[in-house]
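S.K.: Structure provided below as structure tokens; questions to follow.
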Amino acid sequence: MRVHGLFLRSAVARRIFWALLAAALLPLVLVGSLAWGTLSERLDGQAQQVHQAMLKQIGLRLFDRLGAAQAALAAHAEQGLRPGHDPWLRPDAADGVARLALAALATADDDGVAAGGAPALVAAWRAARTGDGAPAGQRDLWWQARPGEAALVIVGHRDARGRGWWLAEIDPAFLWADFASGGAAAGMCVRDLAGRPLRCGDEAAAGAPSWNLFLHAGFGAPDWRLQGFSLAGGDLMARDVLGAWAAQGALLTLLLVASLSLVLVRRTLRPLDALIALARRFAAREWTARAAVPAGDEFGELASALHAMADRVGRQLQGMQVQAEVDNAILEGRDIGDVMRRVAGRLQELLPHAQVAVIARDPDGAAWRAHRVDAGAGPRDRPPPAVVLDAAVASAMPLDGLAVHCRSERGVPPWLRAALPDVPAAVDGLCWVPARWQDDLVALIVIASPRGLAADEDLLREVTELRDRVAVTLAAATRAHHLVERAVRDGLTGLLNSSGMHEACDRLLGARGAAAAFSMVCMDLDAFKEVNDSLGHAAGDELLRAVAQRLRGAAGPQALLARPGGDEFVVLLPGPPDAAAALAARLCQVVEQPFALRGQAVHVGASIGIASCPQHASDREELMRRADLAMYAAKAAGRGHWRFYDAALDARLAEKAWLVRELRLALDQGGLALHYQPRVDLHSRRVHSTEALVRWTHPAQGSIAPQRFIPVAEEAGLIEAVGAFVLDSALAQQRCWRDAGIDVGRVAVNVSPRQLRADGFALQVFSALATHGLRPADLELEITESLFVGDFDAVCARLAPLRDAGVVVALDDFGTGYSSLSVLHRLPVDVLKIDRSFVVELGQRASADAVARSIVALARALDKRVVAEGVETLEQEQHLAALGCDEVQGYLHARPLPPAALAERLRAGFAAPAAPEAAPV
Ligand code: C2E
Ligand code: MG
Ligand code: MG
């Protein structure tokens, strides 16, 4: 029934059915119509012949009847000649024969005058004689057509005696006996040549075949034409019979063809239906669907071809799905272990009897790992953990080419056993597929089978596709690893850079448990800048690399080393603070050892600060800040030291911040003032110059010493403003004194290194001098030795225009800095101020005497003036005078004084030793 329904629905079925029907019908119709045509032609021909023959026969019989009538008339006329028997006179006295053929008799003369017999006949004869136009007396047959009935046919016989004509109307029943209904010529029609009907049967057909009855010879009359034949009815009947047979045959044939078509279509559609259903299931990705189509014909072949195709497509689609998953994993940067296991899983699916492993190199190249899945494991089953291959074992893996290599293998090589621990002792088939990236082996896919491997083309293609993805995955992971490394590693030393250190620190903080304390050891190289400046940056880089190397050696494997920038190194050391302290001490020692750079032994040191987690801080920023703070404190305490962070450092920091804030206010609100301390010439015992010293009286805290706020101002960038204030105030005061006639000598102003390095300092000095109407020689600038460290020539260049103009330059606190005596002669200074520390010990320590003596001697040799600071006693002064010192400055003569007080002292005469300062600092 289903097929029937399908037949109705199926366009193919309908098409086949109608095609078969048409195939049967068309030749049937063609052959039938041809046969019918031929047959009809034959029948027509035969009928024609029969008609002709029949017409001829009927015509001849008609002729015979005319002849008989003629003969009967003649005989009657002959009889009439016999004596005693004058039919002329009694034309109605016809004999038997005449009576049989003739209906009426008459006699007439040549003119048509009736002589005897039926006068109507004579009249008709007369009319007939003229009617057809024939000359009288030459015919012996006439007729007169009568509508609706047979024509009146008259035969004539000329009287032997010349009396005229014997006339007889031929009896129509006699003459047309054949034409009577049911007669042989019932369907015929006889006409004269003018077309007038003489006798037409009931069934006479127009257009039927005709035959001319030749009457001229026998009767001297024009021909009659016989037409139509009632036998035609029989002929048609034959045709109908034939047609009926043919139609029945055709119908039978069509029925047969239709039934055969149905059977054929039915047999075709059933497997077709199954194949369509199969195709639909394939479309729904049911690649395991099968159609129950019997084998043995094309449908069976098609079904098995579709099954094979579905097998292949299904496998390929699964393969493509896995490949797409792997592609996604690559794009998403998923764990390479996942990708490798997915690949191994897919290969295991394809080769259920084999054992498969993907041996992949770690992105950092450190190790090889074999990833695999158990045969028959589901997607939710936990795969066995990756096996790390021993480096020596991994190095024996085959590296050749990119192709899929297979060979029959009896023994199992060690690398294979390492990758597949469950592999049998002997395998029959071993395939390995190297995955390479830019000439580097990054993975090896291995397939070991106890049965030998039969790899078809599809399998090989999929294996190579997976191999390429494995290569891309590992290449991407390696590349990502390198990028990350580049992002977190310092290119110069290979240690972590600042972001790498942040990450490492965050990891340690994130993983911090009770036992996971760690310390941040922050190390800054001492005197690195000097090395960089004196030996160049390349040597500086070399030094940094060497320091990193020493750090690696000293720090141990637990430590994470970083160079966040410049000459700063950081060690993140897991463990208690004690371990960090021990490491810091070790690092100080290690870095203190000289470095061989450019053939020189270079000495640098390390200042180290330590902040521990959780003791000092538990977040990265704070830990770094505190370690830094400790490091700066260590540096400030002197080089080559280390120290832990403590709260006092923060207190100092807070104080610094307070100082900066308050100093800003003081600068704005005039909280600063200058005191002046005179310098006395030991030769003339007069005030030779006066040093301006800044004083800050805080509204709440009172007097704040310069040692407390000058370094902070320097650090905070406020020293330029302070310096400008001091320079301007000192020169303004000098101007006042000059104007008041008080001679304080040159006014000396302290200049910080930062101030001097600022662009436009010389201009600033010249402009201040000009503002207050003073000469350059009225001013002395006190600078410190630290200024020359690093950029000696630049400092010289900055001082040159000032000195050239006549400004005096003094080197303050001489002896405490780093100036080597060898460069002393090159220093662009006019005055050396021996630091107070030497003066205090004069006469008490021989070394102090020696230093003071040599400074004075050197200054003499270099033609520089020598000033001693901090002279408090007469002994000191005498000692200095004995050494040849030019000037002294100190409490012995005067403390730093406000301008008015100094002016008063000077007015009072300055020779006396110093009295106690009015407002001691
Ligand atoms: P400095 O330039 O060496 O100034 C001399 C310091 O020694 C002054 O301290 C002064 O009061 C002190 N002094 C002088 N004679 C004696 C003495 O006999 N005994 C003792 N114990 N001390 C004596 P002050 O004013 O506290 O200045 C300290 C330092 O602050 C200065 O040392 C200088 O380096 C700096 N400073 C002071 N004023 C300024 C300034 O205006 N600008 C800059 N840049 N630094 C300044
Ligand atoms: Mg000074
Ligand atoms: Mg000084």
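S.K.: Kindly establish whether E691 is charged (D, E, K, R), within 16 Å of ligand 3 (Cβ to nearest atom) and within 60 Å of the chain's Cα centre (by Cα).
M.R.: Working: charged (D, E, K, R): yes; within 16 Å of ligand 3 (Cβ to nearest atom): yes; within 60 Å of the chain's Cα centre (by Cα): no.
No: the conditions fail for E691.
S.K.: Give me a count of the residues in region 282-296 that are in a loop (DSSP other than H, G, I, E, B) and in contact with a helix residue (DSSP H, G or I) (Cβ under 8 Å, 6 or more places away or on another chain). It would help to see each step written out before you state the result.
M.R.: So the first thing to find is which residues in region 282-296 are in a loop (DSSP other than H, G, I, E, B), and the list is 284-296.
Adding the requirement that they be in contact with a helix residue (DSSP H, G or I) (Cβ under 8 Å, 6 or more places away or on another chain) leaves 285, 287-295.
The total comes to 10.
S.K.: A follow-up question, please. Out of E485, E462, which single residue is assigned to a helix (DSSP H, G or I), buried (at least 18 other Cβ atoms within 10 Å of the Cβ) and charged (D, E, K, R)?
M.R.: Details: E485 fails: buried (at least 18 other Cβ atoms within 10 Å of the Cβ).
None of the others qualify; the one that does is E462.
Residue-by-condition table, conditions (1) part of a loop (DSSP other than H, G, I, E, B); (2) within 16 Å of ligand 2 (Cβ to nearest atom); (3) modelled with pLDDT of 95 or more:
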residue	(1), (2), (3)
D812	no, yes, no
G817	yes, yes, no
L832	no, yes, no
V871	yes, yes, yes
Q876	no, no, no
H879	no, no, no
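S.K.: Does L787 count as within 16 Å of ligand 3 (Cβ to nearest atom) and surrounded by 21 or more Cβ atoms within 10 Å (Cβ to Cβ)? Break it down into steps so the answer makes sense when it comes.
M.R.: Values: within 16 Å of ligand 3 (Cβ to nearest atom): yes; surrounded by 21 or more Cβ atoms within 10 Å (Cβ to Cβ): yes.
It is true that L787 is within 16 Å of ligand 3 (Cβ to nearest atom) and surrounded by 21 or more Cβ atoms within 10 Å (Cβ to Cβ).
S.K.: What number of residues in region 693-734 are free of Cβ contacts under 8 Å to residues at least 40 places away in the same chain, more than 16 Å from ligand 2 (Cβ to nearest atom) and buried (at least 18 other Cβ atoms within 10 Å of the Cβ)?
M.R.: Here the count works out to 1.
S.K.: Just to be sure before I move on: is R139 closer than 21 Å to Q79 by Cβ, modelled with pLDDT under 80 and not in a strand (DSSP E or B) in the structure I sent? Write out each step before concluding.
M.R.: On the way: closer than 21 Å to Q79 by Cβ: no; modelled with pLDDT under 80: yes; not in a strand (DSSP E or B): yes.
Against the criterion (closer than 21 Å to Q79 by Cβ, modelled with pLDDT under 80 and not in a strand (DSSP E or B)), R139 does not qualify.
S.K.: Within region 687-709, count every residue that is assigned to a strand (DSSP E or B), near ligand 1 (Cβ under 8 Å from one of its atoms) and out of contact with any Lys or Arg (no Cβ under 9 Å at 6 or more places or on another chain). Before the answer, list the steps.
M.R.: At the first step, the residues of region 687-709 found to be assigned to a strand (DSSP E or B) are 687-698, 702-704.
Next, from what is left, pick out any that are near ligand 1 (Cβ under 8 Å from one of its atoms): 691-695.
Then keep just the ones that are out of contact with any Lys or Arg (no Cβ under 9 Å at 6 or more places or on another chain); that gives 692-695.
Selection size over region 687-709: 4.
S.K.: Hey, among the residues in region 766-786 that are in a strand (DSSP E or B) and not polar (S, T, N, Q), which one's nearest to ligand 2 (Cβ to nearest atom)? Break it down stepwise before answering.
M.R.: Taking region 766-786 and keeping what is in a strand (DSSP E or B), we get 779-784.
The next check asks that each one be not polar (S, T, N, Q); those that pass are 779-783.
Details: L779: 14, E780: 10, L781: 10, E782: 4, I783: 9 Å.
The residue in question is E782.
S.K.: Now, a different point. Filter region 700-739 for residues that are within 20 Å of S689 (Cβ to Cβ) and out of contact with any helix residue (DSSP H, G or I) (no Cβ under 7 Å at 6 or more places or on another chain); which is farthest from ligand 3 (Cβ to nearest atom)?
M.R.: Residue satisfying both the conditions and the ranking: D739.
S.K.: Which of the residues spanning region 831-851 are touching a Gly at 6+ places or on another chain (Cβ under 8 Å), within 16 Å of ligand 1 (Cβ to nearest atom) and not small (G, A, S)? Talk me through it step by step, then tell me what you get.
M.R.: Residues of region 831-851 that are touching a Gly at 6+ places or on another chain (Cβ under 8 Å), as a first pass: 834-840, 849, 851.
Within this subset, residues satisfying the condition of being within 16 Å of ligand 1 (Cβ to nearest atom) are 834-840.
Within region 831-851, I834, D835, R836, F838, V839, V840 qualify.
S.K.: So, one more: Go through the residues of region 831-838 one by one and say whether even a single one is basic (K, R), within 12 Å of ligand 3 (Cβ to nearest atom) and crowded, with 22+ Cβ neighbours inside 10 Å. Give the steps one after another, and end with the answer.
M.R.: Of all residues in region 831-838, those basic (K, R) come to 833, 836.
Then keep just the ones that are within 12 Å of ligand 3 (Cβ to nearest atom); that gives 833, 836.
Among the residues that remain, those that are also crowded, with 22+ Cβ neighbours inside 10 Å are: 833.
Taking every residue of region 831-838 in turn, at least one turns out to be basic (K, R), within 12 Å of ligand 3 (Cβ to nearest atom) and crowded, with 22+ Cβ neighbours inside 10 Å.
S.K.: Tell me whether region 312-328 contains one or more residues that are modelled with pLDDT of 85 or more, in a helix (DSSP H, G or I) and crowded, with 16+ Cβ neighbours inside 10 Å.
M.R.: no
S.K.: Here's something else I'd like to know. From (1) touching a strand residue (DSSP E or B) at 6+ places or on another chain (Cβ under 8 Å); (2) within 12 Å of P678 (Cα to Cα), pick out the condition that doesn't hold for E877.
M.R.: With respect to (1) touching a strand residue (DSSP E or B) at 6+ places or on another chain (Cβ under 8 Å); (2) within 12 Å of P678 (Cα to Cα), E877 is out only on (2).
S.K.: Related question: Just give me the residues in region 656-672 being loosely packed, with under 14 Cβ neighbours inside 10 Å and either touching a residue at least 60 places away in the same chain (Cβ under 8 Å) or within 60 Å of the chain's Cα centre (by Cα) (or both), in sequence order.
M.R.: Initially, region 656-672 is screened for residues loosely packed, with under 14 Cβ neighbours inside 10 Å, giving 657-658, 661, 665, 668-670.
The answer is A657, W658, R661.
S.K.: Quick one: which of L862, L842, L802, L763 is more than 16 Å from ligand 2 (Cβ to nearest atom) and free of Cβ contacts under 8 Å to residues at least 12 places away in the same chain? First the steps, then the outcome.
M.R.: Numbers: L862 fails: free of Cβ contacts under 8 Å to residues at least 12 places away in the same chain; L842 fails: free of Cβ contacts under 8 Å to residues at least 12 places away in the same chain; L802 fails: free of Cβ contacts under 8 Å to residues at least 12 places away in the same chain.
That would be L763, the only listed residue that is more than 16 Å from ligand 2 (Cβ to nearest atom) and free of Cβ contacts under 8 Å to residues at least 12 places away in the same chain.
S.K.: Which of the residues belonging to region 710-726 are more than 9 Å from ligand 1 (Cβ to nearest atom), aliphatic (A, V, I, L, M) and part of a helix (DSSP H, G or I)?
M.R.: V712, A716, A721, A724
S.K.: May I ask you to list the residues in region 5-45 that are basic (K, R) and within 14 Å of S259 (Cα to Cα)? Break it down stepwise before answering.
M.R.: The initial filter retains those residues of region 5-45 that are basic (K, R), namely 9, 14-15, 42.
Of everything in region 5-45, just one residue is basic (K, R) and within 14 Å of S259 (Cα to Cα), namely R14.
S.K.: Of the numbered conditions (1) under 20 Å from A606 (Cβ atoms); (2) assigned to a helix (DSSP H, G or I); (3) in contact with a strand residue (DSSP E or B) (Cβ under 8 Å, 6 or more places away or on another chain), A562 satisfies every one except a single condition; which is it?
M.R.: (2)
S.K.: Which numbered condition in (1) of a type outside the set (K, R); (2) over 15 Å from E465 (Cα atoms); (3) surrounded by 19 or more Cβ atoms within 10 Å (Cβ to Cβ) is the only one that D335 fails?
M.R.: Failed condition: (3).
S.K.: How about region 766-797: which of its residues are of a type outside the set (A, V, I, L, M, F, W, C) and more than 16 Å from ligand 1 (Cβ to nearest atom)?
M.R.: So the first thing to find is which residues in region 766-797 are of a type outside the set (A, V, I, L, M, F, W, C), and the list is 767, 771-773, 775-776, 778, 780, 782, 784-786, 790-791, 793.
Within region 766-797, S767, T771, H772, G773, R775, P776, D778, G790, D791, D793 meet the criteria.
S.K.: Also, quick follow-up: So, in region 852-903, how many residues would count as being aliphatic (A, V, I, L, M), within 14 Å of ligand 1 (Cβ to nearest atom) and under 18 Å from H683 (Cα atoms)?
M.R.: The qualifying residues number 8.
S.K.: Taking only region 165-175 into account, find how many residues are surrounded by 24 or more Cβ atoms within 10 Å (Cβ to Cβ) and not in a helix (DSSP H, G or I). Outline the logic, then answer.
M.R.: Looking only at region 165-175, we keep the residues that are surrounded by 24 or more Cβ atoms within 10 Å (Cβ to Cβ), and these are 165-170, 175.
Subsequent filtering for residues that are not in a helix (DSSP H, G or I) retains 165-170.
Residues in region 165-175 being surrounded by 24 or more Cβ atoms within 10 Å (Cβ to Cβ) and not in a helix (DSSP H, G or I): 6 in total.
S.K.: Between residues in region 292-312 that are free of Cβ contacts under 8 Å to residues at least 60 places away in the same chain and farther than 22 Å from D458 by Cα and residues that are of a type in the set (V, I, T) and surrounded by 14 or more Cβ atoms within 10 Å (Cβ to Cβ), which pairs lie under 9 Å by C-beta distance while being six or more apart or on different chains?
M.R.: F299/T268; F299/V293; G300/V293
S.K.: Between residues in region 886-908 that are in contact (Cβ under 8 Å) with a residue 60 or more places away in the chain and more than 17 Å from L674 (Cα to Cα) and residues that are within 16 Å of ligand 3 (Cβ to nearest atom) and part of a helix (DSSP H, G or I), which pairs lie under 7 Å by C-beta distance while being six or more apart or on different chains?
M.R.: V888/L880
S.K.: Quick one: how many residues across region 665-677 are assigned to a strand (DSSP E or B) and out of contact with any Asp or Glu (no Cβ under 8 Å at 6 or more places or on another chain)?
M.R.: Final tally of qualifying residues: 4.
S.K.: Further, regarding this structure: Let me confirm something: among A538, A515, A477, A504, which residue is under 27 Å from C613 (Cβ atoms), modelled with pLDDT under 95 and in a helix (DSSP H, G or I)?
M.R.: Testing whether each residue is under 27 Å from C613 (Cβ atoms), modelled with pLDDT under 95 and in a helix (DSSP H, G or I) leaves just A504.
S.K.: Next up: If you scan region 834-869, which residues turn out to be of a type in the set (D, E, K, R), in a helix (DSSP H, G or I) and under 22 Å from E780 (Cα atoms)? Talk me through it step by step, then tell me what you get.
M.R.: Initially, region 834-869 is screened for residues of a type in the set (D, E, K, R), giving 835-836, 841, 845, 849, 853, 860, 863-865, 869.
Next, from what is left, pick out any that are in a helix (DSSP H, G or I): 836, 849, 853, 860.
Of everything in region 834-869, those that are of a type in the set (D, E, K, R), in a helix (DSSP H, G or I) and under 22 Å from E780 (Cα atoms) turn out to be R836, R860.
The values are calculated or read from the model by the stated rules, or taken from the named source; none is laboratory data. Only a predicted model underlies this, so the values are computations on that prediction, with no experimental measurement involved. Please note: Cβ atoms are built from the backbone with ideal geometry, for glycine as well, and neighbour counts cover all protein chains shown.
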